[in-house]
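Participant: Sharing a structure below in structure tokens format, with a few things to ask.
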Amino acid sequence: MQNLVEAVEKLDPLVVTGRVAAVSGLLIEARGGMTRLAVGARAEIQRRGAPPLPAEVVGFRESRALLMPFGPVEGVAPGAAIHIETQGFAVRPTTAWLGRIVDAFGEPIDGKGPLPQGLAAYPLRASPPPAHARDRVGARLDLGVRSMNVFTTCCRGQRLGVFAGSGVGKSVLLSMLARQSECDAVVVGLIGERGREVREFIEETLGEEGLKRAVVVVATSDEPALKRRQAAYMTLAIAEFMRDQDLEVLCLMDSVTRFAMAQREIGLAAGEPPTTKGYTPTVFTELPKLLERAGPGPIRPDGARAGPITGLFTVLVDGDDHNEPIADAVRGILDGHIVMERAIAERGRFPAINVLKSISRTMPGCQEPREREIVRDARQVLSAYANMEELIRIGAYRAGSDPLVDRSIALNPALEAFLGQDKDEMSTLGESFSRLEAILAGGGA
């Protein structure tokens, strides 16, 4: 009842209207109702022969408001009426959303009927919990993937980035994490995905078992930039709801780069100056606001702790350049990074993770002393082989020149087999360390 009272109190009885003054590309200029407008306000634009077009205020130019639509602008005419909603959009999820697929507005797109609505409204663009009021990262999380469990051990509430070029296996790795990770709920955001890959990811890659405990938010690459950006906000809003139900949440987003590209389109249309590679200043302002929403839950006034949101965000590196602007910015925000390399994928080892270039910032604190020794030994062996790999392949290395290199050559086949993993195979934390220890002791795979 209290939630209903609060919702009624927030209702704005004043109806504000405006008119279309100009249309320039995807940008619609509106006049009228300026005293009630603010950036982020929602509006509906009347169209000829088509349903009203939802839009959002993205800026102002002198006496006109700048709106970007959530759909095609066909049918918008000069002087068309604009109904302005002064409040931002919010979503009302429930745990019954698990197993469902929704769009950027929280509407079902899986053909399974309407979604139940919860009482509490969650704003899409919520602020992250204050730093002093949120918990610390928890115990380590079993991800079910050997190479990540051992070399980039993840804690509950940690945020990791998966950096890779196109076609290197990010989506398959995400599906493994969604199905095998030790958590209560999974929220998957497919931002700017190819249309043909959505059903393929859900039905084949994620599978029926993975979908049972997941909510999937979809905005394909052909949808407007505003909708792609909102799908990312929707993903975090649903994850925050699940967290507030004291569930341990795994939030997977593919990809942060497409969110940044959507924000770039919006910023350029609104008149922002382009910076490095055309990215506008708001891109680098919005990235931490989005990514910081994941992490340990807030500590409630009574001392109770909400569930954590463990976040894994993919970054589509432009031209396989891991130092391009978005990758560089995201790497500085998150608590670690997983680097996937095309050269590893080309030789047939999946997941194609370069463990020497990957790091978890919670290590080695979340590992036991014996486990730290195992990881340190394994890194030394892998590094020794990587440094001499070219000489080994062409036969220029002479056996006996370096005992560490000799050992790395002997162990390399077993280590490669250890780092590779079929998408339907699961490996627990304990099994991963035991198997690696046996390999390093000379016991094979």
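Participant: Roughly how many percent of the accessible protein surface of segment 89-204 is carbon and sulfur, given a 1.4 Å probe and a whole-percent answer?
Facilitator: The nonpolar share, carbon plus sulfur, comes to 51 percent.
Participant: Shifting gears a bit: Please sort 132-138, 156-162, 111-117, 209-215 by packing, taking for each peptide the average over its residues of neighbouring beta carbons within 10 angstrom, highest first.
Facilitator: With the highest mean Cβ count within 10 Å placed first, the list reads 156-162, 209-215, 132-138, 111-117.
Participant: Follow-up. Mind grabbing the base-10 log of I(q)/I(0) for segment 51-187 at q = 0.19, 0.20 Å⁻¹? Debye formula, identical points on the C-alpha positions, no solvent, two decimal places.
Facilitator: Debye output, listed in q order: -1.28, -1.31.
Participant: Using a 1.4 Å probe, what is the accessible area per residue for the chain, in Å²?
Facilitator: It amounts to 44 Å² per residue over the chain.
Participant: Given the alpha-carbon gyration tensor of segment 295-354, what are the semi-axes of its equivalent ellipsoid in whole angstrom, ordered largest first, with each equal to the square root of 5 times an eigenvalue?
Facilitator: Taking √(5λ) for each eigenvalue gives 33, 15, 6 Å, largest first.
Participant: Tell me, what are the semi-axes, in whole angstrom and largest first, of the equivalent ellipsoid of segment 15-85 as set by the roots of 5 times the Cα gyration tensor eigenvalues?
Facilitator: Calculated on Cα positions only, the semi-axes equal 17, 12, 11 Å.
Participant: Mind checking which of 55, 72, 84 is farthest towards the positive end of segment 15-85's charge dipole, using Cβ charges of +1 (Lys, Arg) and -1 (Asp, Glu) about the Cα centre?
Facilitator: 84
Participant: Okay, next question. Evaluate E = 1/(1 + (r/R0)^6) for residue 38 and residue 320, where r is the Cβ-Cβ distance and R0 equals 41 Å; express this FRET efficiency to the nearest 0.05.
Facilitator: 0.50
Participant: Let me ask you something else. So how strong a dipole does segment 349-393 carry about its Cα centre when Lys and Arg Cβ are +1 and Asp and Glu Cβ are -1, to the nearest 20 debye?
Facilitator: My answer is approximately 140 debye.
Participant: Calculate, in whole percent, how much of the Cα-Cα pair population of the chain lies beyond 28 Å.
Facilitator: Considering the chain, 54 percent of its Cα-Cα pairs are separated by more than 28 Å.
Participant: Sticking with this structure for a sec: Could you work out how far helix 281-291 tilts from the main Cα principal axis of the chain, as a 0 to 90 degree angle to the nearest 10?
Facilitator: 70 degrees
Participant: Shifting gears a bit: Which residue fluctuates most in the GNM of the chain (Cα springs below 10 Å): 177, 98, 312?
Facilitator: Among 177, 98, 312, the largest mean-square fluctuation in the Gaussian network model of the chain belongs to 98.
Participant: How many percent of the accessible area of segment 276-375 is carbon or sulfur, using a 1.4 Å probe?
Facilitator: 53 percent
Participant: Could I ask something else about it? With springs only between Cα atoms under 10 Å apart, run a GNM on the chain and tell me which of 330, 57, 315 wobbles the most.
Facilitator: 57
Participant: Here is a follow-up. How are the Cα pair distances of segment 176-248 distributed, in percent, across 5 Å bins from 0?
Facilitator: Over segment 176-248, the share of Cα pairs per 5 Å bin runs 3, 17, 24, 22, 20, 10, 3, 0 percent.
Participant: For segment 370-441, what are Rg and Dmax over the alpha carbons, in angstrom?
Facilitator: Reported Rg and Dmax, both Å: 13.5, 41.
Participant: In addition: Which residue fluctuates the most in the chain, going by a Gaussian network model with Cα springs under 10 Å, if the choices are 123, 296, 51?
Facilitator: Of the options given, 51 has the highest mean-square fluctuation.
Participant: Please compute the alpha carbon radius of gyration of segment 292-432, then divide it by the globular-protein estimate 2.2 N^0.38 Å. Two decimals is fine.
Facilitator: Segment 292-432 yields a ratio of 1.31.
Participant: Jot down the radius of gyration and Dmax of segment 162-284, Cα atoms only, both in angstrom.
Facilitator: So, for segment 162-284, Rg and Dmax equal 15.3, 46 Å respectively.
The values are calculated or read from the model by the stated rules, or taken from the named source; none is laboratory data. Everything quoted here is computed from the prediction, not taken from an experiment. Cβ coordinates were reconstructed from backbone atoms using ideal geometry, including for glycine residues, and neighbour counts include every protein chain displayed. Accessible surface areas use protein heavy atoms only, side chains included; no ligands, DNA or RNA. Shrake-Rupley method; radii C 1.70, N 1.55, O 1.52, S 1.80 Å.
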